[in-house]
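**Q** Okay, here's the structure, questions in a sec.
Just so it is clear, none of the values below were taken in a lab; they were calculated from the coordinates. As the structure is a computational prediction, the values presented were derived from the model and not from experiment. Cβ coordinates were reconstructed from backbone atoms using ideal geometry, including for glycine residues, and neighbour counts include every protein chain displayed.
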Amino acid sequence: MDHRRIAALGCFVACMLAQGCGGSERGSFSQLGEGGDGPADPGSPPPGFDPAEAPAPSPAPAPAAPVDVVYGHSATTLYKLDPKTKNVAVVGNFDCSSEVTDLAIDESSNAYATSFSAFYAVDLATAHCSLVASGSFPNSLSFVPKGTVDPASEALVGYVGSTYVRIDPKTGSIKSLGTMSGGYVSSGDVVSVKGGGTFLTAKKTGCADCLLQVDPATGAVIQDYGSVGYGSVFGIAYWGGAVYGFTDAGELFSITASGGTVTTTPIAMPGAPSGLRFWGAGSSTSVPAAAPDGTSFPVK
């Protein structure tokens, strides 16, 4: 288990015991910087009421528009990837109190991050961190769609080893939801998309950094797509029928699957800083589930 996982897992287990819980795609790299008497009949309009002057009823809330960006990060810096052009840009440096270990983004592009000692809300435009709670938290995070864990709202979930947990974004409280079987443990990250699937990088004997489809309600394994061909894939995101991988070695690549075969394609980052290491990634649950040509990642 890598340095990031060992530190986070040790802290998390202590917290749980104490609380009783839970061809190459090209791109470019650039820097970017809430009395009186009433009518006799309560159902009748007041005197002088003109129906034509009544306000129009409020329209039903529109569904979240698809988001055309995914995010990756090192321990200290937030990056964004345009999945259409494959351009990578720096958003900014985190001002969290310790190194950031993962990121999750809901359907409205509200973001949250964990570090070795705290849980934060994050501004995706500036990388500014706002402390929600101190303590130990999972380092694989994602929101899952409404109707999976919670019938009324999206849920923030994560894995610590093989244990699947839910985190309250308002308080940071943690609740266990289930456990993966089959000898799998999380090796990196989890990501989910409405109308698509929920995916996890995991390892077990004979397979390091395999890509799994998991049940967003229980965390159980649905299918194993096999090895992604990269090591220490600490971050994954999703957009338009593809999973995007971010490694501790600073590698960025896309993952597609067809006919039971996983294909990875590297994404170049000209001008990337020397020694770049990705520690996590995230994408909104409202990103497009399918590519513009209708191709989607195969799920059960």
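**Q** Each residue of region 283-291 in order: what ³J(HN,Hα) in whole Hz does its phi give by Karplus 6.51 cos²θ - 1.76 cosθ + 1.60, θ = phi - 60°, with x for Gly and Pro?
**A** Couplings: 8, 5, 5, 9, 5, x, 6, 10, 6 Hz.
**Q** For a label point 7 angstrom out from the Cα of SER227 toward its Cβ, which stretches of region 192-216 have the backbone nitrogen within less than 19 Å?
**A** 200-213, by backbone N distance to the label point.
**Q** Averaging sequence separations of C-alpha pairs under 8 Å and six or more residues apart, then dividing by the length of region 186-271, give the relative contact order as a whole percent. Could you put the intermediate results ahead of the total?
**A** Details: 187 pairs, mean separation 17.7, N = 86.
Relative CO of region 186-271 lands at 21 percent.
**Q** Quick check: net charge around GLY178, other residues with Cβ under 15 Å of its Cβ, Lys/Arg +1 and Asp/Glu -1? Write down the numbers at each step before the final one.
**A** Numbers: positive: ARG166, LYS175; negative: ASP150, ASP215.
The answer is 0.
**Q** Something else about it: With Kirkwood's inverse mean 1/r over C-alpha pairs for Rh, give me the Rg to Rh ratio of region 74-136, two decimals please. Kindly include the intermediate steps, with their values, before the conclusion.
**A** Working: Rg = 11.8 Å, Rh = 12.0 Å.
Rounded to two decimals, Rg over Rh is 0.98.
**Q** Another one. Using R₀ = 25 Å, calculate the FRET efficiency as 1/(1 + (r/R₀)^6) where r is the Cβ-Cβ separation of ALA121 and ASP68; round to 0.05.
**A** FRET efficiency, ALA121 to ASP68: 0.65.
**Q** While we're here: Rounded to whole Å, give me the distance from the Cα center of region 78-149 to that of region 240-263.
**A** After rounding, the separation between the Cα centres reads 20 Å.
**Q** Which whole-number percent is the relative contact order of region 106-264 (Cα, under 8 Å, 6+ apart)?
**A** Over region 106-264, the number comes to 13 percent.
**Q** Only Cα pairs under 8 Å and at least 6 apart count here; give the relative contact order of region 106-182 as a rounded whole percent.
**A** Relative contact order for region 106-182 comes out at 20 percent.
**Q** Please report, to one decimal in angstroms, the Kirkwood hydrodynamic radius of region 235-300 built from all distinct Cα-Cα pairs.
**A** Over region 235-300, the inverse of the mean reciprocal pair distance is 12.8 Å.
**Q** Determine the shape class of region 171-300: with a ≥ b ≥ c the square roots of the Cα gyration tensor eigenvalues, call it rounded for a/c under 1.5, and otherwise prolate if a/b is greater than b/c, oblate otherwise.
**A** In terms of gyration-tensor shape, rounded.
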